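Here the structure comes first, spelled out in structure tokens, and everything after it is commentary.
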Amino acid sequence: MSLSSAGRRLAAVTAGALALTVGLALPALAHVTINPGTAEKGGFTKVAFRVPNERDKDSTTKLVIDLPIEHPLPFVSVRPVPGWKVEVTESKLPKAVPSKYGDITEAVTKITWTGGKIEPGQFQEFEVSMGFMPEDTDQLLFPATQTYSSGEIVKWADEPKADGTEAEHPVPTLKLVAPAAGAGDDHASGAATTPASAAPTPAVKARSDAHDDASAGADSDGTARLLAGVGIAVGVAGVATGVAGLRRGRRTPQAPQG
């Protein structure tokens, strides 16, 4: 065998091995995931469910995310995605779940996106704001169901393996961490904000009261300035009248004396 033939064969074997390696690695990169993968306990967070299309010809046409029932999330809102219709399902829980905010009897249990398309070679992110994050667990699982235009359904619901290896269809997992030092109960992870349906925190109420007090003070101060201005104007008018009268009096001719 010539050197050139051996070189060509080595290159072919290397290319084949590389193709096989890439082929095995691609599915691992195409899972439905939750980003960011961590959130602080006790607060709100905003996450994005990232959905890549694994197929060469078919499009993804539907996504269903199941929210945990054993650790329910009472406040959930979604960001609209152009071209997609979203349905948020709220259900009564089998039993009330206690929390420091009171017993939770109802919660959002499912979010469904339909009507859009994720073409081959593309991905889409579906953003969700949710809270309060539970404090009695270190992770939340969000099983996902991905439907393709061919009718194929793929469930991403395999829990993490005990040995640390990745499952075939890993479930999107959100790790929960302790709040940052100095954070209060109304802290938020990432760019999330407390939803309007939640009661205002003392800090928010304090800022609101301060604003009201400042507005009241500004109104009182404005009224005082207005009255002072009116008083000055009246005083100036009185002085002007007096001066005018004095001048008229000086110009009046004196009656001749007999």
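Observations, loosely collected:
- Tally, over segment 84-111, of residues that are exposed (fewer than 11 other Cβ atoms within 10 Å of the Cβ) and part of a loop (DSSP other than H, G, I, E, B): 4
- Residues satisfying the criterion are present in segment 38-52 (criterion: assigned to a strand (DSSP E or B), closer than 17 Å to A157 by Cα and open to solvent by 70 Å² or more (accessible area, probe 1.4 Å)).
- Residues located in segment 126-156, provided they are small (G, A, S), in contact (Cβ under 8 Å) with a residue 60 or more places away in the chain and out of contact with any strand residue (DSSP E or B) (no Cβ under 6 Å at 6 or more places or on another chain): S150
Residue-wise test of (1) over 28 Å from G42 (Cα atoms); (2) under 24 Å from the mean Cα position of the chain (by Cα).
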| position | (1), (2) |
| --- | --- |
| K85 | yes, yes |
| P98 | no, no |
| E106 | no, yes |
| T112 | no, yes |
| D136 | no, yes |
| K161 | no, no |
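- Residue count for segment 50-83, restricted to those that are more than 18 Å from Q146 (Cβ to Cβ) and under 19 Å from the mean Cα position of the chain (by Cα): 10
- Applying the criterion of being basic (K, R) and closer than 19 Å to G115 by Cβ to the residues of segment 56-83, the residue that is least open to solvent (accessible area, probe 1.4 Å) is K62.
The values are calculated or read from the model by the stated rules, or taken from the named source; none is laboratory data. Note that the structure is a prediction, hence the values are computed from the model and not measured. We place every Cβ from the backbone using ideal geometry, glycine too, and count neighbours over all the protein chains shown. All accessible areas refer to the heavy atoms of the entire protein, side chains included, with ligands and DNA or RNA removed. Shrake-Rupley method; radii C 1.70, N 1.55, O 1.52, S 1.80 Å.
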